[in-house]
Amino acid sequence: MSDRNEYPIKIVINERKLNRVVIDQHYHVKHPEINDELILSLVQTLSGGNFPIEEEKDGFEYFAVEPVMSDEKPYRLVLLLYAHDDFLGVINAFRVRRR
């Protein structure tokens, strides 16, 4: 299995136009019920949003978004933006309990 899968996408996150999403396959370890198609669907719902950056390191901006809803189920996405490229990175994705 590849460490990352890349898909073309046209979205705007934190006022940045992004042309692709790179999904780390780490989520398979503990969340095998999730797949790339679900993650892509969740990511699409974020377009136009502005999200607070939680950490910056070496040009990468890390942040999480929760809840991101699909079929009335809440998910958490752990994401990153890179200052020198046009992609959204998905570090992890998983279901969360309703609050």
Completion exercise
Gly49: passes all of (1) modelled with pLDDT under 95; (2) surrounded by fewer than 16 Cβ atoms within 10 Å (Cβ to Cβ) but (1)
Exercise for the section: Output the residue which, of all residues in region 1-30 that are basic (Lys, Arg) and modelled with pLDDT under 95, is nearest to Lys73 (Cα to Cα). Expected result: Lys30
Handout entry: Candidate set from region 76-88 (those that are farther than 16 Å from Glu6 by Cβ and loosely packed, with under 12 Cβ neighbours inside 10 Å); member that is farthest from the chain's Cα centre (by Cα)
Key = His84
Exercise for the section: Could you tell me whether any residue of region 61-69 is assigned to a strand (DSSP E or B), within 19 Å of Arg97 (Cβ to Cβ), touching a helix residue (DSSP H, G or I) at 6+ places or on another chain (Cβ under 6 Å) and in contact (Cβ under 8 Å) with a residue 24 or more places away in the chain? Expected result: yes
Exercise for the section: Tell me, yes or no, whether region 3-24 has at least one residue that is of a type in the set (Lys, Arg), assigned to a strand (DSSP E or B) and within 27 Å of Arg98 (Cα to Cα). Expected result: no
Handout entry: Pairs where the first residue, in region 31-45, is farther than 13 Å from Lys73 by Cα and the second is β-branched (Val, Ile, Thr) and in a helix (DSSP H, G or I), C-beta under 7 Å, 6+ apart
Key = none
Practice task
Could you please let me know if Val43 is assigned to a helix (DSSP H, G or I), within 14 Å of Ile91 (Cα to Cα) and either among the aromatic types (Phe, Trp, Tyr) or at pLDDT 95 or above (or both)?
Solution key: yes
Practice task
Give Val29, Val12, Val43 a once-over and let me know the one that is surrounded by 14 or more Cβ atoms within 10 Å (Cβ to Cβ) and not acidic (Asp, Glu).
Solution key: Val43
Practice task
Just one of (1) in contact with a Lys or Arg (Cβ under 8 Å, 6 or more places away or on another chain); (2) surrounded by 14 or more Cβ atoms within 10 Å (Cβ to Cβ) trips up Glu66, so point out which.
Solution key: (2)
Problem - Selection status of Lys73, touching a residue at least 40 places away in the same chain (Cβ under 8 Å) and exposed (fewer than 15 other Cβ atoms within 10 Å of the Cβ) - result: no
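The values are calculated or read from the model by the stated rules, or taken from the named source; none is laboratory data. What you see is a predicted model; the values in this text were computed from it and never measured. Cβ coordinates were reconstructed from backbone atoms using ideal geometry, including for glycine residues, and neighbour counts include every protein chain displayed.
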